[in-house]
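Accompanying notes for the structure given below.
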Amino acid sequence: MGSGAFTAMSAERDADIDVVTDENGLLALVAGEEPDRVYQNSDGELDITFTSDQGGEGVNVNSRYQVGSMRGPGPTPELSSAGQPQNKGSPEENTAFSVVNQDSVSHEVTLEYEADDPGDSVVWFQAVPSTGPGSPNGQADLEVTSGKNPNSVTREISPGEYLGVSILVDTRDGSVDDDLTGTLTVSGN
Amino acid sequence: MTKRRKFLLGMGSLAAGGAAAMGSGAFTAMSAERDADINVVADDSGLIALVDEQPGDTVHQTDNPGELAIDFSGMSGDAGVNVNSRYQLGEFADKGWALPDDPLAVNTGSNVMEDPAFSIVNNDTVNHEITVSYDIDQSDIGGARVYWQFEDEARQYTIDLTGTTTSGSATIDGKGADPAPEPGDAVGAALFIDTRDYNGDPDDLDLSGTLTVSAD
C-alpha cells in the first residue's frame, strides 16, 4: 500500500526554442523597402543608420529626412503624407520597418526610443496598426527630442497583425552638436 | 559613428515546456534593443551633402549651424550686388539653351560644369531625384535676373527668375536618358545675377531668398 516512491525518473521532452533573426521572431522586426537606412544587419538584427558607405555621415543640420510613408496629421510637416506606414507592397504604403505579431495571442507592443543627445533636433516614429489608423487603437506618433527623451508609445497588436513604422528626422531647430543616435527598444507584453 | 550596445534580447518566459510542446507558442513578454545611428552633421557630410566649391566666402559653410550659405554681404555685412552689374558664382557648362544672356564664365565647348559654386552630392547608396528651388523673398524684381544652372552627367537644368517670376525649381532626374543622380554623383550648381536692366532704386531691390534642396 505504500506510496510509490521512486529514486529516479527521467523523461525527455522537446522544447523548440530556436534563435532566429529579427524578421523571423515571434515578435518580428521586419525592415521595409528602403533597405539602406533600415535593414537587417549581419547579426540578424534590425539596424537603423543614417550613414552610408558612400561617405554620408548623417542628416544635415536644418533639414528633414524621411523613411517610409507618413499620414497626416502627424509629425510636424512630414515630407510626404501620401499613404501611410503599412507594408502592403505599394510605394504609398511602405514602412521603415514593421513589428509583426507572429504569436497566437495579442500583445501590447511598446516602442521606446532614447537618443544620446537630441538637443532641439527631433526624431519621429509614426506607427500605424494594420487594423487601420482609425481603429480605437490607431495611429501613434512618437516624438523624441530634448524634454521628451526617452519617449514611448504602446499599441495592441492582434495575432497576424502588425505595426507599420515610418521615421522622420527633423533637424530644422537643431545644431550639428545634436546626436539622435540611440537605442530603439521594442517590447511586447 | 560609434556603435553602441550590441544586442540584448531577453524573453521572459516561453510557453514551450511540458509534454504538450505542440501547442501555440504564446509568450508573456519580450524585449529587444536595437541601435539607431542618426547623427546630425554639417551640410558637407550629409547623406545628401551640400559642398562649398569656392575658395572665398561668398559661398561658405557656416561654422555652426554648419549650413551652406550664399552671402554677398562681404566683410562689412552691408555689401551686395551692385546696381547695373553682373555677378557669377561658378562656371556654367556650355549648353546654349541653358545659359543666360551675357554670362561671365562658361566652360567653353564643354557640357560639364567643372568649376561649380557648390555641389549637391548624393552620398546615399541609392539613386535620388534631386529637386532644387529658389524662392526670392521679394515678389517683383523688375528687370533684374537670377539664373541658376545645374549639371549632372553632362545634362543641364536651369532656374530663370525675373520680373514677377521670383520662384522656380529644377528637378535633376536624368531626363529619362540617364538615371537620377547615382551614389557618388555631384550635381554642380552655378549662379548668375544680372541687374543691368533694373531701372529702379537699388534700395528697393533685394534678391535674397531661400534655396531648397530636396531628394526623393
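The values are calculated or read from the model by the stated rules, or taken from the named source; none is laboratory data. None of the values given here were measured: they were computed from a predicted structure. Glycine also receives a Cβ, built like all others from the backbone with ideal geometry; neighbour counts cover every protein chain displayed.
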Query raised in the report: Which condition breaks for B:Asp160 when tested against (1) part of a loop (DSSP other than H, G, I, E, B); (2) surrounded by fewer than 16 Cβ atoms within 10 Å (Cβ to Cβ); (3) at pLDDT 95 or above?
Result: (1)
Query raised in the report: Filtering region B:164-216 down to residues that are among the hydroxyl-bearing types (Ser, Thr, Tyr) and part of a loop (DSSP other than H, G, I, E, B), which residue is farthest from the chain's Cα centre (by Cα)?
Result: B:Tyr198
Requested in this report: Sort out which residues of region B:158-176 are within 15 Å of B:Ile193 (Cα to Cα) and of a type in the set (S, T, N, Q), and write them in order of number.
Outcome: B:Thr158, B:Thr162, B:Thr165, B:Thr166, B:Ser167
Requested in this report: Answer yes if at least one residue in region B:73-83 is over 26 Å from B:Ser45 (Cα atoms) and charged (D, E, K, R), and no otherwise.
Outcome: yes
Requested in this report: Output the residues belonging to region B:129-152 that are in a loop (DSSP other than H, G, I, E, B) and either surrounded by fewer than 21 Cβ atoms within 10 Å (Cβ to Cβ) or small (Gly, Ala, Ser) (or both).
Outcome: B:Glu129, B:Asp137, B:Gln138, B:Ser139, B:Asp140, B:Gly142, B:Gly143, B:Ala144
Report summary line: Across region B:87-125, the tally of residues that are outside any loop (DSSP other than H, G, I, E, B) and closer than 14 Å to B:Thr58 by Cβ stands at 4
Query raised in the report: Do you know which residues across region A:134-189 are more than 17 Å from the chain's Cα centre (by Cα), among the β-branched types (Val, Ile, Thr) and outside any loop (DSSP other than H, G, I, E, B)?
Result: none
Report summary line: Flagged in region A:26-71 as part of a loop (DSSP other than H, G, I, E, B), among the charged types (D, E, K, R) and more than 7 Å from chain B (Cβ to nearest Cβ), in numbering order, are A:Glu33, A:Glu34, A:Arg37, A:Arg71
Query raised in the report: Given (1) within 30 Å of B:Asp197 (Cβ to Cβ); (2) in contact with a Phe, Trp or Tyr (Cβ under 9 Å, 6 or more places away or on another chain), where does B:His60 come up short, assuming only one miss?
Result: (2)
Query raised in the report: Where residues in region B:1-55 are modelled with pLDDT under 50 and not in a loop (DSSP other than H, G, I, E, B), which of them is nearest to the other protein chains (Cβ to nearest Cβ)?
Result: B:Leu14
Query raised in the report: When you go through B:Thr166, B:Thr125 one by one, which is the residue that is in contact with a Ser or Thr (Cβ under 8 Å, 6 or more places away or on another chain), β-branched (Val, Ile, Thr) and at pLDDT below 95?
Result: B:Thr125
